[in-house]
Amino acid sequence: MNTSLLAGAVLNGMVTGMLYALMGVGLSLILGLLNIPNFAHGVLYALGAYVMISGAKAFGFLGGLLAAIAAVAVIGAGIEYLGVRRLYRVHPDYILLLSFGLSLILTEAIILVWGPVGITFQPPALLAGAVDLGVTVYPKYRLVVMVFTAGLVLACYLVVTRTRYGAILRAGIEDKETAAALGINIGRVFTLTFAAGTGLAGLGGALMTPVRGLLPTMGIDILPFAFVVVVLGGLGSLPGAILAGLLVGTVQSLMTAIWAPGADASVFVLMTLGIIARPQGLLGQR
Amino acid sequence: MAEEDAGFASGVRACGGLGAFEAPSRSMKSAFPRLVLLLAAIVALPLAVRPVVASEIWIFAIAGMALNLIFGYTGMLSFGQATFFGLAAYTAGLMMIHWQAPLLVVLAAGTLVGALAAALIGYVCIQRVGTYFIMLTFGFNQMFFFIAYKWTVVTGGDDGLPGIPRPPLALGPLAIRLDSSLRYYIFVAAVFLLAFCVMKRIVDSPLGVIFQSIRENPVRAAAVGYDVKRYKWIAFTIAGAFTGFAGVLYSMMFGIVPLESISWIISGDIVFMVLIGGIGNLYGPLLGAAAFKWLSEAISVVWERWPLILGVALVLVVLFLRGGLVEAFTRLRDAAGGPRARREPGASVPVGIAAETEAGS
Amino acid sequence: MNTITRRHFLTTTVAAGTSLLGVPALGTAQGKEIVMLGIWPFTGAFADVGPLLDRGMKLAIEEWNNKVIGRPIKYITRDDETKASSATRRMEEAIDSEGVKIVIGPWSSGMALACTEVAKRRKVFYYFSGGTEDIAGKRCHRYGFNWAASPYTAMHVVVDNYMKLNPTHKRWYLFVSDFAFGWSVEKYTREAGAHHGIEFVGADRMPLGTREYSGFVSKAAAAKPDVLCLLNAGQDVIVSIREAHNFGLAPKVTLLNSWGVGTEDFMQLDVKTRENFWVGTNAYYGANTPVAKKMAETYQAKHNAPPGYAPCAAYGMTRLTLRAIEKANSAEPGDIIRALENWETQDWPGKVWVNPKTHQTVRDYFLLRCKKPDQMKHQFDFADIVAVNSEPKMPDGINECKDIGQL
């Protein structure tokens, strides 16, 4: 394998890895605080992408991004408030099944609104084209997305660890009852967190539209990988999700370059080995 | 013998009595009318829907019963049953294509493959509970899916494994051909009944009670002296065997093992069927499979967006009718009056909901 | 729902409901009507193609005034969902409930391999147009036919004629969709390439429906090819083309879509991404045959766009089938089959001959090169036909269909 190929694979890995980290962070927030495996996370990623392109037509690229985040966050909040909330007292398995049902509904809704055909989307002219990095030529937009997503992920980490909201969040993850007893409106925290987590997924989808294009099943495609990231990283651990996201993205990308047929399976092998070797995940506590 | 009884009895007592369970002796009496209904359904089904759809219903009913055993009765939600379904289907398919293996041999082989795979995978998965368990079953499913996808030499990849014959049923000197869809249906229905009876025995046995006690409260079950992990593993393995059996039947349905057989879409479908039918109830998966298959075919012919209706149904069931169709029927029957003022144990208390009431302890 | 009119919805609901309830579909004059089934993808990876195929088949039937040999034609469709299980289940259900004996479709080679099994077992006439050699090869049987050119012929037409025009382009990189279709066209691309001393500097197989082509394009770029040969299908072609441009690989390197749909893809690409884009195809609306010309006119008048491979294929198969029914004066599968076998006639692709030993249709295959914008005479004048040929025929010797079987 020559250096150009290796460089390209590493860069691809980082782009994918950042996306996975973003998805993992969102999922981890929801899973960690609410103990909910959100099976709708994938379709919300897809929804973000679709709202993005419609929004971009009306308001330009940035407008599309904002529309995507807003739309998905609102839907996420709605899901929590109207659906998930009713099931807290029941077994968490049911919340998983609820989210699964919602993912079906939303995927079909996407097809109804935007059609079943795949759509490609071009980045804004400012970010289009390729950059000669010496060792390899790489699309400009991907570099921008990689840097931006890294910043975003870092921002999430800082919010969760350094801000008051983050402290409340972490308190809630540790011990809901005590946090509620301390006067925190835990219900509102839940809704906000769900909205934030899903909003991140929507943003991820929106950012990736020029990279991966759109397809109604894009959510179903990415969901397993998001879960691998969260499980590998450690349920409820944000730094774990970030680390695992990068790891999974890189492994998948390198495998594509070395032995493409094994790329996807290798991710799950990685997860299985990870859980067997270190059951609490890379950086998980419980 | 006496010691065993005492242990069992004390275990059952410790698990809060038989209130919510299907007690063996009582279920014998109440079982009879329901069994008659089942036989009637088997006879009537191919007249109501095409034999092709009817056969699929019973095949997935078997897979649903298997999931019900681990989810409804033992409390473990597996999102990867397609692993065993698909592995058995591919095994059977390959045996029939390359070795012209006879029918009973492939059925046995598939069941064995399902059991073996479940034993191995289950051993890893049951080390964890809750979300981790679900993700592990899911992860293994994905792994095998991608292997099946890529190992095209063996599995045919995305195209599936075509050219699978339907070997005749050889009973001694007789060789009954199963070519027509109606004949195959009769065969599938017959083996389904067999599987149903076996499952009923398991569920009614002390083993079944232990499974339910694990779902109700694993800590208590362990405190009483049951090796919870070992029983979970047994349940998982049994479920794998049943699912494998169903997979073999599926491989002969269309003469091809499609890649979906091992995809998590089918894992999800099986979960839906059990949930919509009514978990924890022996007949739930049957209702669920029937409703799911019939509706999916009837609706998708007219409107491609059938999954939307499925999603809505699932959401409604999860929010408002967690006992599924079984609960719906029970409620209707109770609402219509009738002599059963007192709720019959087992049949009408959806085991899933029982978890709620136990939440306090 | 926009493809379904209310009347269509109501009639199919009643039909589906009654048929699923075991009652013979209301309104079928059993025995008099000839029921033709089109299995088309309306969901899944090929969801955009289903409606086009539907149009093509409808067009052919309408040209015959919905009647043949004095009997009315009933045209029904089923969505194969690009899933083998759905395709086979629905085909079988349609055979049981609607009395279908003539099946055309599906679109994906993978689905076809499943459907052909059903056709063989249920003894119904089956016509498919696709790139897998197996339908007229390993999986051949008396009831199944392939309308498309043999991938052997097709890849030769593409490779031989491309090399004639670009003799120095000896380094080829392949993208192959990882299923029956891809494997067949890859095999014969390599076989044809060997005759020209082409060096296949690399090849990647990816699942149909892959969205992430960056890794593959990076690898291709690193191998420094002259030609990036796209042996993939569906939207993958569009995605690979765009990604190749994103990474600066194209238009320097030729993009050659050896078994493509042509028009449908051209309409999705813009002028920049069509530069140096070559397509090999079974059907281009600019084909110079009377049938093709007329069909293109009618289609364009009706749908405001020229027909691509999909509707032309559906049209071509339906037309030949109807003509065979007329020739045999019967709609029984056996009679249609005997009428088609060894028939040499003029139809959509020009001269066609159905090889009775393999049921492969021997007909022309087209190689197209996209025009530069200043060469386009009108908005749909996407490409020049640089080569048309039905030779070389696939030698019976290397065809894996050794026994076409009995009726």
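Could you check, for the range C:320-331, whether at least one of its residues is of a type in the set (Ser, Thr, Tyr), over 27 Å from C:Val159 (Cβ atoms) and under 20 Å from the mean Cα position of the chain (by Cα)?
yes
Can you confirm whether the range A:74-81 contains a residue that is more than 10 Å from every other protein chain (Cβ to nearest Cβ) and without any contact (Cβ under 8 Å) to a residue 40 or more places away in the chain?
Within the range A:74-81, one or more residues are more than 10 Å from every other protein chain (Cβ to nearest Cβ) and without any contact (Cβ under 8 Å) to a residue 40 or more places away in the chain.
Any residue that is in a loop (DSSP other than H, G, I, E, B), in contact with a strand residue (DSSP E or B) (Cβ under 6 Å, 6 or more places away or on another chain) and either more than 14 Å from chain C (Cβ to nearest Cβ) or buried (at least 21 other Cβ atoms within 10 Å of the Cβ) (or both) - is there at least one of those in the range B:176-189?
No: zero hits.
Report yes if some residue within the range C:247-259 is assigned to a helix (DSSP H, G or I), of a type outside the set (S, T, N, Q), surrounded by fewer than 24 Cβ atoms within 10 Å (Cβ to Cβ) and out of contact with any His (no Cβ under 9 Å at 6 or more places or on another chain); otherwise report no.
no
Give the residues of the range A:275-286 that are more than 20 Å from the chain's Cα centre (by Cα) and either basic (Lys, Arg) or more than 7 Å from chain B (Cβ to nearest Cβ) (or both), sorted by residue number.
A:Ala277, A:Arg278, A:Gln280, A:Gln285, A:Arg286
Does B:Gly337 fit the bill of being modelled with pLDDT under 90 and either in contact with an Asp or Glu (Cβ under 9 Å, 6 or more places away or on another chain) or within 11 Å of chain A (Cβ to nearest Cβ) (or both)?
no
Can you tell which of B:Leu282, B:Leu287 is part of a helix (DSSP H, G or I) and either of a type outside the set (D, E, K, R) or modelled with pLDDT of 85 or more (or both)?
B:Leu287
Can you give me the number of residues within the range C:331-383 that are more than 16 Å from C:Asn282 (Cα to Cα), of a type in the set (Ser, Thr, Tyr) and not in a loop (DSSP other than H, G, I, E, B)?
1
Filter the range A:165-194 down to the residues that are in contact with an Asp or Glu (Cβ under 7 Å, 6 or more places away or on another chain) and surrounded by fewer than 24 Cβ atoms within 10 Å (Cβ to Cβ) and list them by number.
A:Phe190, A:Thr191
Is at least one residue of the range A:84-98 within 7 Å of another protein chain (Cβ to nearest Cβ), out of contact with any strand residue (DSSP E or B) (no Cβ under 8 Å at 6 or more places or on another chain) and modelled with pLDDT of 90 or more?
Yes: the range A:84-98 contains one or more residues that are within 7 Å of another protein chain (Cβ to nearest Cβ), out of contact with any strand residue (DSSP E or B) (no Cβ under 8 Å at 6 or more places or on another chain) and modelled with pLDDT of 90 or more.
Return the pairs, sorted by first residue and then second, in which the second residue is surrounded by fewer than 17 Cβ atoms within 10 Å (Cβ to Cβ) and of a type in the set (Lys, Arg), the first residue lies in the range C:383-399 and is at positive phi and free of Cβ contacts under 8 Å to residues at least 24 places away in the same chain, the beta carbons are less than 9 Å apart, and the residues are 6+ apart or on different chains.
Note: no pairs meet the criteria.
Which of the residues belonging to the range C:39-59 are surrounded by fewer than 24 Cβ atoms within 10 Å (Cβ to Cβ) and modelled with pLDDT of 85 or more?
C:Phe42, C:Pro51, C:Asp54, C:Arg55, C:Lys58, C:Leu59
Within the group A:Gly17, A:Gly42, A:Gly13, A:Gly24, which residue is part of a helix (DSSP H, G or I), over 14 Å from the mean Cα position of the chain (by Cα) and not polar (S, T, N, Q)?
Among A:Gly17, A:Gly42, A:Gly13, A:Gly24, only A:Gly13 is part of a helix (DSSP H, G or I), over 14 Å from the mean Cα position of the chain (by Cα) and not polar (S, T, N, Q).
Could you grab me the full set of residues in the range B:213-270 that are in a helix (DSSP H, G or I), of a type in the set (Asp, Glu) and away from chain C (no Cβ under 14 Å)?
Answer for the range B:213-270, where residues must be in a helix (DSSP H, G or I), of a type in the set (Asp, Glu) and away from chain C (no Cβ under 14 Å): just B:Glu216.
Test A:Leu203 against the criterion of being out of contact with any helix residue (DSSP H, G or I) (no Cβ under 6 Å at 6 or more places or on another chain), modelled with pLDDT of 85 or more and under 25 Å from A:Val144 (Cα atoms), and give yes or no.
No; evaluated as a whole, the condition is false for this residue.
Which of the numbered conditions does A:Asn35 fail, given that it passes all the others? Conditions: (1) crowded, with 19+ Cβ neighbours inside 10 Å; (2) under 19 Å from the mean Cα position of the chain (by Cα); (3) at pLDDT below 90; (4) of a type outside the set (Val, Ile, Thr).
(1)
Please state which of the following conditions C:Tyr152 fails to meet, knowing it meets all the rest: (1) within 16 Å of the chain's Cα centre (by Cα); (2) buried (at least 24 other Cβ atoms within 10 Å of the Cβ).
(2)
Under 8 Å between Cβ atoms, at least 6 apart or on separate chains: pull out the pairs that start in the range A:99-117 with a residue that is at negative phi and more than 8 Å from chain B (Cβ to nearest Cβ) and end on any residue that is among the hydroxyl-bearing types (Ser, Thr, Tyr) and part of a helix (DSSP H, G or I).
Filtered contacts from the range A:99-117: A:Ile110/A:Tyr50; A:Val113/A:Tyr50; A:Trp114/A:Tyr50; A:Trp114/A:Ser54.
Being in contact with a helix residue (DSSP H, G or I) (Cβ under 9 Å, 6 or more places away or on another chain) and part of a loop (DSSP other than H, G, I, E, B) is the filter; apply it to the range C:276-303 and report the residue that is nearest to C:Tyr188 (Cα to Cα).
Taking the candidates together, the pick is C:Asn282.
Wholly within the range A:172-261, which helices (runs of 4 or more DSSP H) include no fewer than the required count, namely at least 2 residues that are under 19 Å from A:Val43 (Cα atoms) and within 14 Å of chain C (Cβ to nearest Cβ)?
Output list reads A:186-212, A:218-233.
So which of C:Arg205, C:Arg121 is surrounded by fewer than 24 Cβ atoms within 10 Å (Cβ to Cβ), more than 20 Å from the chain's Cα centre (by Cα) and either in a strand (DSSP E or B) or of a type in the set (Ser, Thr, Tyr) (or both)?
Of C:Arg205, C:Arg121, the one residue that is surrounded by fewer than 24 Cβ atoms within 10 Å (Cβ to Cβ), more than 20 Å from the chain's Cα centre (by Cα) and either in a strand (DSSP E or B) or of a type in the set (Ser, Thr, Tyr) (or both) is C:Arg205.
Name the pairs: first residue in the range B:151-174 and more than 7 Å from chain C (Cβ to nearest Cβ), second residue basic (Lys, Arg), Cβ to Cβ under 6 Å, at least 6 apart or on different chains?
As it stands, the answer is B:Pro168/B:Arg177, since those pairs meet every condition given.
Being part of a helix (DSSP H, G or I) and more than 19 Å from the chain's Cα centre (by Cα) is true for just one of A:Val131, A:Val113, A:Val117. Which residue is that?
Exactly one of A:Val131, A:Val113, A:Val117 is part of a helix (DSSP H, G or I) and more than 19 Å from the chain's Cα centre (by Cα), namely A:Val113.
Of the conditions (1) within 14 Å of chain C (Cβ to nearest Cβ); (2) of a type in the set (S, T, N, Q); (3) surrounded by fewer than 24 Cβ atoms within 10 Å (Cβ to Cβ), B:Gln142 clears all except one; give me its number.
(3)
Do any residues in the range B:289-310 that are within 9 Å of chain A (Cβ to nearest Cβ) have Cβ atoms under 7 Å from those of residues that are surrounded by 21 or more Cβ atoms within 10 Å (Cβ to Cβ) and aromatic (Phe, Trp, Tyr), where the two are at least six apart or on different chains, and which pairs are they?
B:Glu304/C:Phe42; B:Leu310/B:Phe272
The values are calculated or read from the model by the stated rules, or taken from the named source; none is laboratory data. Keep in mind the model is a prediction, meaning the values are calculated, not measured. Using ideal geometry, Cβ is built from the backbone for each residue, glycine included, and neighbour counts are taken over all protein chains shown.
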